[in-house]
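The values are calculated or read from the model by the stated rules, or taken from the named source; none is laboratory data. Since we're looking at a predicted model, the values are computed, not measured. Don't worry about glycine lacking a Cβ; one is built from the backbone with ideal geometry, like all the others, and counts go over all protein chains shown. Protein only, heavy atoms only, side chains kept; ligands, DNA and RNA dropped before computing areas. Shrake-Rupley method; radii C 1.70, N 1.55, O 1.52, S 1.80 Å.
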Amino acid sequence: MGTARLTIDLNALAENWRALDAMTEAETAAVVKADGYGLGVAPVGQALARAGARSFFVAIAEEGAALRRALGPGPVICVFSGHMPGDTELLRDHDLVPMLNSIDQMLRHAEALPDQSFGIQLDSGMNRLGMEPAEWSALRDLALRLEPELIMSHLACADEPGHPMNARQLKCFREMTDGLGIPLSLASTGGILLGPEYHFDLCRPGVGLYGGMPFAEAQPVVALDVPVIQVRDVEPGETVGYGNTWFATRPSRIATISAGYADGILRGTSGGLAAHADGRRCEVVGRVSMDLITVDVTDLGYDPEHLRLLGEKQRIDDWANAADTIGYEILTSLGARYSRDYRA
C-alpha cells in the first residue's frame, strides 16, 4: 500500500489534557478548532470529553455543529468568531455559545436569539478580535443586562514567558473585568504555564493538548509512518531531486517515500527534515516534492519498508523548526491522503 499512516494516540491526548488541568484550579476547557487541529474533531472531542473536558472552543459555527453531532447534548461549545451573518440557525439548532466580538454581533444576537447563551470577547491588546476598552466601556452595562456566560480575551505572546506584553494584557483584562461577577478566561496553553494569575475561571488549552510547544512536557500525540516505494544506489557526484540541490559525496543508498507537500510536509522543510528507522536518523536529501521525498538510508545497512517522519524522535515542533514555522501549522496541514489509525 502506498498510503502513509498517521497514528493518533487519543490516550496521550487525554493525558495532556489531564496534565494541564492539574496545573490550575480553574475549569479546563479544550480548543478543538480546525478539525481538532487536523486530527479529526469527532474522535478528538470524544476523547477529551471522556477525559473530563466539559467546555470546548471552535473557530466557526460550522465546526461547532460538527462537534455537537459528535458529543451530543451537554458539553458547552463556544464559537470564537461570534455570531456571524447566517449563523443563527446553526447556533440555535446545535446549542452553541458565540463569543461576541462587537456591538454589531451583540445586536444581531439579541435580536435573533435573545434567550440563547453567549459570551463576550474583549481585546486586551492583540488587536485581532474582541471589543476594545473604549467600546467595552460604552457597551458594558447593556452587555451585563443580557447576562453573558463568559468574558474572555487572548494573549499575544504567552509562549514567551518574559515578554512584557503578557503583563500589559493581564493588567488591561483586569481593568476591563474587575468586579463584574462573570466567569473570565484569558489563558490558552501558554497562559496556563505563565501561572495562576493568568488562569481566572476557565483555561482553554489548544496546541499543548496535541503535543506542541510551549508545553514541553506534553506527550507526543501523532506519529507518521511513510512507505518506501523504491531504493536505489547513487554514485558520488550524482544528484537527487528537483533542482540538483543535493549531490552525493559518497556511494549512497537513497529511499524514495510516498508523501510530499500535498500531504502537508512543507516544501520549506527540504534540507532540515529527517526520517527514522528503528530509532536511527536518516537525512532527507533533495527537495520535498508534491508526492515524494528522498531519504539517505546508506548507514542503516538495509532497505527499510517504512520510515517515520513524526514520533518520539522528531516531534511536530522539530519539524516546524526545519520549516521555519510553528507546530500549529504542521498539525493543521497534515494531509487528507493519510490512512488514520486512532489508538484509544
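Would you please put 46-53, 335-342 in order of how densely packed they are, using the mean number of other Cβ atoms within 10 angstrom per residue and starting with the highest?
46-53, 335-342
Helix 10-21: angle to the longest alpha-carbon principal axis of the chain, degrees 0 to 90, nearest 10?
40
Beyond 19 Å, what share of the Cα-Cα pairs of region 1-128 is found? Please give it as a whole percent.
52
Only helical DSSP H runs with n ≥ 4 go in: add -39500 (n - 2.57) per run for the chain, normalise by residue count and round the 222 nm mean residue ellipticity to 500 deg cm²/dmol. Numbers along the way, then the final one.
On the way: 11 runs with 102 residues, N = 344.
Result for the chain, helices only: -8500 deg cm²/dmol.
From largest accessible area down, sort 152, 290; use a 1.4 Å probe on the protein chains. Kindly include the intermediate steps, with their values, before the conclusion.
On the way: 152 0, 290 95 Å².
Listed by decreasing accessible area, they come as 290, 152.
Indicate the gyration tensor shape class of region 219-306 (rounded, prolate or oblate), computed on the Cα atoms with a ≥ b ≥ c the square roots of the eigenvalues: a/c under 1.5 is rounded; otherwise a/b larger than b/c is prolate and the rest oblate.
Cα axes put region 219-306 in the oblate bin.
What share of all Cα pairs of region 88-190, in percent, falls into each consecutive 10 Å distance bin?
15, 46, 29, 9, 1
Solvent-accessible area of residue 239, probe 1.4 Å, all protein chains present, reported in Å² to the nearest ten, please.
50
Measure off, as a whole percent, the carbon and sulfur share of the 1.4 Å-probe accessible area of region 210-344, all protein chains present.
Reported share for carbon and sulfur atoms: 46 percent.
Please compute the contact order of region 24-111 in relative form: average sequence separation of alpha-carbon pairs under 8 Å and at least six residues apart, divided by the residue count, as a percent.
Details: 134 pairs, mean separation 20.7, N = 88.
Relative contact order for region 24-111 comes out at 24 percent.
Would you work out which of 249, 38, 77 lies farthest towards the positive end of the dipole of the chain, given +1 charges on the beta-carbon of Lys and Arg and -1 on that of Asp and Glu, about the Cα centre?
Working it through, the farthest residue towards the positive pole turns out to be 249.
Across region 111-126, in residue order, what do the Karplus-derived ³J(HN,Hα) couplings come to in whole Hz, using 6.51 cos²θ - 1.76 cosθ + 1.60 with θ = phi - 60° and x for Gly and Pro?
7, 8, 9, x, 9, 9, 4, 8, x, 10, 10, 10, 9, 9, x, 7
Would you work out what percent of the accessible area of region 32-137, with all protein chains in place, is carbon or sulfur (probe 1.4 Å)?
Exposed carbon and sulfur together represent 52 percent of the surface.
With a probe of 1.4 Å, find how much accessible area region 271-333 has per residue, and write the answer as a whole number in Å².
47
Relative contact order of the chain: what whole-number percent is it, with Cα pairs under 8 angstrom and at least 6 residues apart?
This gives 19 percent for the chain.
Write down the accessible area per residue of region 111-208 in Å², having rolled a 1.4 Å probe over the full set of protein chains.
Accessible area per residue: 46 Å².
So for region 84-138, taking the charge dipole from beta-carbon charges (+1 Lys/Arg, -1 Asp/Glu), which of 110, 88, 125 sits furthest toward the positive end?
The residue sitting most towards the positive pole is 125.
Once Lys and Arg get +1 and Asp and Glu get -1 on their Cβ, which of 162, 264, 332 lies farthest toward the positive end of the dipole of the chain?
Towards the positive end, the residue furthest out is 264.
Stokes-Einstein D for the chain at 10 °C, 1.306 mPa s, Kirkwood Rh over Cα pairs, in µm²/s? Working shown, then result.
Details: Rh = 21.8 Å.
Here the translational diffusion coefficient equals 73 µm²/s.
For residue 265, enumerate residues with amide H under 5 Å from its amide H, sequence gap 5+ or separate chain, H modeled in the peptide plane.
260
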